[in-house]
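Asks: This is the structure I have questions about; it appears just below.
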Amino acid sequence: MKATPVKRAFKYRFCPSDAQAAELSRTFGCVRKVYNLALAARTEAWARQERVNYNRTSAMLTAWKKTGDLAYLNEVSSVPLQQALRHLQAAFANFFGKRAKYPRFKSRKKSRRSAEYTTSAFRFRDGTLTLAKMAEPLDIVWSRPLPEGASPSTVTVSQDAAGRWFVSLLCEDPSVQPLPATDAAVGVDVGLEHLLTLSTGEKVANPRHERRDRTRLARAQRELARKAKGEGANRVKARRKVARIYARIADRRRDYLHQLTTRLVRENQTIVIEDLTVRNMVKNRRLARAISDAAWADFRSLLEYKASWYGRDVIAVDRWFPSSKLCSACGALQGRMPLNVRVWTCNGCGTTHDRDVNAAKNILAVGLTASVCGAGVRPQRSTPGGQSATKQKPLQREP
């Protein structure tokens, strides 16, 4: 059976001309305005127990364009405005499906500036991309080639807080095919001292990207704090400097996680991880900064979608499974074990364990048991394209 082609986004930097930057900035502002107006209308209707869907908001957009105050919406392409309404519809669908919180209004300063174009609003020919309302193609830095014969279905233009411009092209990538099946399986225990500990005994170092730039970041933030409040040129320049440091940290972290997850997916057929609730763990004020820098949630997200691409299985074990306190040799459960205990000896069989390696071995064992026979487990969360996550009745809460 032929595999379904995978749609993949290819992201590139580009350098807009002054006219293009002005047009895109106007488009970003109009997209934000339409999104906020539609969200306000749907919220008011909800208070009156009325239902407003995408079709109603699309009709509202037509009416808004005919008013004097919002006539400027006609100056930009209509496609990004319609896409903003579709994104709002998706946000409400996620909210009613209990997958997300209630949609929030977009802020001019804090929200990501972006606009999405469909095929009717751009032209892609001979490696050049021209957007609607623009006479010249974008000056894109083609850092990697698109798939041969690729035809983008959507194009998303964005600008981050550091002032960098990006264009993302969504197209089918025939090169993404399931990898040859293998018998290899690995358990993964995440941590702070070591980012990952594998059941094979390998420990992957935690690069701590944020800590390496902490001094530069603190200096830039102090400079920003000394600038007068408002939109002065000096304050904008100082804010941009802080954003560039944050972007550098995020780029290095993302690159490291991409390399790590790609390696795990290529080498193993089954990967077993813990189903951690990171949003609750970062409430610990002493560890929040280190946990955020480790980016465990991003690691899992990358691992899951790559596993679905390449025909691998990702199994998530219940977070309360006592992986650290359970002897991987004899199965004896130890008593209380503080986090500062990194090496311990089993009271039952006398085996000396490295805490993290032992946890990874136990995670692998319970994950494989769940995938083979399902004994004592029940579905907790589905991972895209892989095994359903598993939850086992906890023996004892792990400190």
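Readers should treat all values here as calculations from the given coordinates under stated rules, not as data from a laboratory. Note that the structure is a prediction, hence the values are computed from the model and not measured. Don't worry about glycine lacking a Cβ; one is built from the backbone with ideal geometry, like all the others, and counts go over all protein chains shown.
Asks: Restricting to DSSP loop positions (anything but H, G, I, E, B) with no more than 15 other Cβ atoms inside 10 Å of their own Cβ, which trypsin sites (Lys or Arg not before Pro) remain in the range 331-363?
Replies: On the way: sites: 336, 342, 355, 361; in loops: 336, 342.
Passing sites in the range 331-363 are 336, 342.
Asks: Relative to the longest principal axis of the chain, what angle (0 to 90°, nearest 10) does the C-alpha long axis of helix 214-225 take?
Replies: The angle comes out near 40 degrees.
Asks: I need the P(r) histogram for the range 75-179: all alpha carbon pairs, bin width 10 Å from 0 out to the longest distance, whole percents.
Replies: The percentages, shortest bin first, are 12, 36, 33, 17, 1.
Asks: Sticking with this one: How big is Rg to Rh over the chain, alpha-carbon atoms, Rh as the Kirkwood inverse-mean-distance radius? Could the numbers behind the result be given before it?
Replies: On the way: Rg = 25.0 Å, Rh = 24.6 Å.
The Rg/Rh ratio comes out at 1.02.
Asks: Which entries in 33/66; 33/109; 106/283 show an alpha-carbon gap greater than 18 Å? Show your work: numbers first, answer last.
Replies: Numbers: 33/66 15 Å; 33/109 13 Å; 106/283 25 Å.
Check vs 18 Å cut-off fails for 106/283.
Asks: While we're here: I'd like the trypsin sites (Lys or Arg not before Pro) in the range 280-331 restricted to DSSP loop residues with at most 11 other Cβ atoms within 10 Å, sorted by number. Kindly include the intermediate steps, with their values, before the conclusion.
Replies: Details: sites: 283, 285, 286, 289, 300, 306, 312, 319, 325; in loops: 283, 285, 286, 312, 319, 325.
Those satisfying the criteria are 283, 285, 286.
Asks: Here's a follow-up. So if each residue of separation counts as 0.36 nm, and I subtract the Cα-Cα distance between residue 337 and residue 119, what length gain in nm does that give? Intermediate values should be presented prior to the final figure.
Replies: Values: separation 218, 0.36 × 218 = 78.48 nm, distance 5.80 nm.
This chain segment gains 72.7 nm when fully extended.
Asks: Between 0 and 90 degrees, rounded to the nearest ten: what's the tilt of helix 355-372 against the longest Cα principal axis of the chain?
Replies: For helix 355-372, the angle is close to 80 degrees.
Asks: Another question about this same structure. Kindly provide the pair-distance distribution of the range 6-173 built from C-alpha pairs, with 5 Å bins from 0 and whole-percent values in order of increasing distance.
Replies: Distribution as computed: 1, 8, 16, 19, 19, 15, 11, 7, 3, 1, 0 percent.
Asks: Oh, and also: So the label point goes 7 Å from the Cα of residue 55 along Cα→C-beta, right? Which residues of the range 72-105 then have their backbone N under 16 Å from it?
Replies: Within reach of a label on residue 55, which here means backbone N under 16 Å from a point 7 Å along Cα→Cβ, the range 72-105 contributes 86, 89.
Asks: Loop sites only, by DSSP: take the chymotrypsin sites (Phe, Trp or Tyr not before Pro) in the chain that have at most 12 other C-beta atoms within 10 Å and name the longest stretch containing none of them.
Replies: On the way: sites that count: 105, 142.
Within the chain, the longest run free of exposed chymotrypsin sites (Phe, Trp or Tyr not before Pro) spans 143-399.
Asks: Be a star and scan the range 203-246 for residues whose amide nitrogen sits under 17 Å from the point 7 Å along the Cα-to-Cβ vector of residue 263.
Replies: Zone members listed by number: 203-209.
Asks: Looking at the square roots a ≥ b ≥ c of the eigenvalues of the Cα gyration tensor of the range 122-249, which shape do they give, rounded for a/c under 1.5, prolate if a/b is larger than b/c, or oblate? Please report the intermediate quantities before stating the final value.
Replies: Numbers: a/c = 3.90, a/b = 1.04, b/c = 3.76.
Oblate, because a/c is 1.5 or more while a/b does not exceed b/c.
Asks: Return the FRET efficiency for the residue pair residue 233, residue 136: r is the Cβ-Cβ distance, R0 is 25 Å, and the value is rounded to the nearest 0.05. If you can, show how the numbers build up before the last one.
Replies: Values: r = 28 Å, r/R0 = 1.14.
Between residue 233 and residue 136 the formula returns 0.30.
Asks: Find the Cα radius of gyration of the range 195-271, compare it with 2.2 N^0.38 Å by division, and give the number to two decimals. Mind dumping the intermediate values first?
Replies: Values: Rg = 18.4 Å, N = 77, 2.2 N^0.38 = 11.5 Å.
Ratio of Cα Rg to 2.2 N^0.38 Å: 1.60.
Asks: Now a separate question. What residues qualify as long-range amide H neighbours of residue 172, i.e. H under 5 Å apart, gap of 5 or more or another chain, H built at 1.01 Å from N?
Replies: Distant-sequence amide H within range of residue 172: 8, 151.
Asks: Within the range 47-136, list the trypsin sites (Lys or Arg not before Pro) lying in a DSSP loop whose Cβ has at most 12 other Cβ atoms in a 10 Å radius. Walk me through the numbers before you get to the answer.
Replies: On the way: sites: 48, 51, 56, 65, 66, 86, 98, 99, 101, 104, 106, 108, 109, 110, 112, 113, 123, 125, 133; in loops: 48, 51, 66, 98, 99, 101, 104, 106, 108, 109, 110, 112, 133.
Listed in order of number, the matching sites are 48, 51, 66, 98, 99, 101, 104, 108, 109, 110, 112.
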